[in-house]
Amino acid sequence: MNIGIVGMGLIGGSLARTLKINTKHTVFACDRDPSALEKAADINAMDGVLDDSNIGDCQVILVALYPQNVVDWLEANGAKIMPGTLVVDCAGVKRPVCDGVRPIARRYGWRFLGGHPMAGKEKSGFDNTSAELFLGASMILTPEYDTDESAIRDASELFMSMGFGGIRISTPDEHDHMIAYTSQLAHVLSSAYVKSPSALRHQGFSAGSFRDMTRVATMNVNMWTELFLANSGPLALEVEALAARLMEYAIAIRTRNEDALRALLEEGTRIKAEVDKGGKR
């Protein structure tokens with residue numbers, strides 16, 4: 001099968017490398033940075049450049065671009081994609097992308113499915129790609145009421161063959177609400193946490209907790225700015241709710257209210273135990 005990959009950054013490049021190692025599919029790729037394609041070709045992460053001569057020969061196209069760029073690329077190239085082709089985007093928000101792409105897919109007759117591989121690194125670009133990035137990871141697929149069942153089946157089979165650990169089916173709205181909490185909020189918190197003047201004097205005073213809290217403060221600023229703003233409603237609610245919860249701790253500590261502080265800590269410990277068991281509140 002011919003698979004086209006649009007964007008050879010961390011996610012797209014890792015998808016290409018994973019496909020070439022774990023499957024026998026032919027991979028064509030494109031990127032605005034020629035050096036990314038050269039590096040991919042040097043390590044056999046692709047079989048050729050994705051262009052007008054072969055885009056119509058691809059049975060699957062994976063689009064690993066920023067959200068608005070996904071829509072823009074498919075608008076510009078949608079007519080070149082053969083009807084029936086499976087197109088899956090890998091952007092970190094789904095509602096804006098799905099709303100933008102679905103009319104294009106209907107116009108040209110290819111099968112579109114929103115997707116989000118739940119794996120990543122603090123560093124971006126092809127130099128940081130890995131054939132093992134998705135090993136055991138969850139792949140989220142976000143079909144809607146008019147999504148062809150074959151798209152879900154074919155996408156699930158493809159991603160599982162690449163080494164993903166499981167497929168999670170969601171709606172675009174559920175995805176964006178959950179990602180606001182599980183991913184985006186953590187990046188906001190890490191960015192804010194590391195701005196304390198104490199951070200610059202941490203050596204000798206820090207260990208695992210500091211590393212965990214600051215790890216994702218290093219980020220691709222342009223990408224995360226777009227992701228945050230594309231999901232501004234759910235993310236703003238999560239940030240505001242966290243700020244309110246933190247104030248409860250601050251008040252208990254400031255007023256030396258031992259009972260209130262103990263209750264807050266016990267509640268957090270109890271909920272963490274429920275989370276570890278996979279339970280729902």
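The values are calculated or read from the model by the stated rules, or taken from the named source; none is laboratory data. Please read all numbers here as calculations on a predicted model, not as lab measurements. We place every Cβ from the backbone using ideal geometry, glycine too, and count neighbours over all the protein chains shown. All accessible areas refer to the heavy atoms of the entire protein, side chains included, with ligands and DNA or RNA removed. Shrake-Rupley method; radii C 1.70, N 1.55, O 1.52, S 1.80 Å.
Evaluate the stretch 224-246: report whether one residue or more is over 16 Å from Q68 (Cα atoms), open to solvent by less than 90 Å² (accessible area, probe 1.4 Å), modelled with pLDDT under 95 and part of a helix (DSSP H, G or I). The answer is no, given that none of the residues of the stretch 224-246 is over 16 Å from Q68 (Cα atoms), open to solvent by less than 90 Å² (accessible area, probe 1.4 Å), modelled with pLDDT under 95 and part of a helix (DSSP H, G or I). Of all residues in the stretch 247-281, those satisfying the criterion of being open to solvent by 100 Å² or more (accessible area, probe 1.4 Å) and not in a helix (DSSP H, G or I) are R256, K277, K280, R281. R102 meets all of the listed conditions (1) out of contact with any Pro (no Cβ under 8 Å at 6 or more places or on another chain); (2) open to solvent by less than 30 Å² (accessible area, probe 1.4 Å); (3) basic (K, R) but one, namely (2). Here is the figure for the stretch 199-214: residues that are surrounded by 10 or more Cβ atoms within 10 Å (Cβ to Cβ) and either in contact (Cβ under 8 Å) with a residue 24 or more places away in the chain or of a type outside the set (D, E, K, R) (or both) total 6.
Residue-wise test of (1) outside any loop (DSSP other than H, G, I, E, B); (2) touching a strand residue (DSSP E or B) at 6+ places or on another chain (Cβ under 7 Å); (3) over 19 Å from A36 (Cβ atoms); (4) open to solvent by less than 70 Å² (accessible area, probe 1.4 Å).
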site	(1), (2), (3), (4)
K123	no, no, no, no
L135	no, no, yes, no
L141	yes, yes, yes, yes
E144	no, no, yes, yes
E157	yes, no, yes, no
F164	no, yes, yes, yes
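M82 falls short on exactly one of the conditions (1) of a type outside the set (D, E, K, R); (2) surrounded by 15 or more Cβ atoms within 10 Å (Cβ to Cβ); (3) not in a helix (DSSP H, G or I), and that condition is (2). Among the residues examined, D51 does not qualify as open to solvent by 50 Å² or more (accessible area, probe 1.4 Å), at pLDDT 95 or above and closer than 21 Å to A155 by Cα.
Yes/no per residue for (1) crowded, with 18+ Cβ neighbours inside 10 Å; (2) touching a strand residue (DSSP E or B) at 6+ places or on another chain (Cβ under 6 Å); (3) within 21 Å of H116 (Cβ to Cβ); (4) of a type outside the set (F, W, Y):
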{"residue": "R17", "(1), (2), (3), (4)": "yes, no, yes, yes"}
{"residue": "V60", "(1), (2), (3), (4)": "yes, yes, yes, yes"}
{"residue": "N77", "(1), (2), (3), (4)": "yes, no, no, yes"}
{"residue": "L86", "(1), (2), (3), (4)": "yes, yes, yes, yes"}
{"residue": "C98", "(1), (2), (3), (4)": "yes, yes, yes, yes"}
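Contact map, the stretch 32-54: residues that are over 15 Å from A64 (Cα atoms) paired with residues that are surrounded by fewer than 19 Cβ atoms within 10 Å (Cβ to Cβ) and among the hydroxyl-bearing types (S, T, Y), Cβ distance under 6 Å, separation 6+ or inter-chain. Pairs shown: D47/T26. For the stretch 93-117, filtered to residues that are closer than 16 Å to T171 by Cβ and not in a helix (DSSP H, G or I), the residue that is farthest from the chain's Cα centre (by Cα) is F112.
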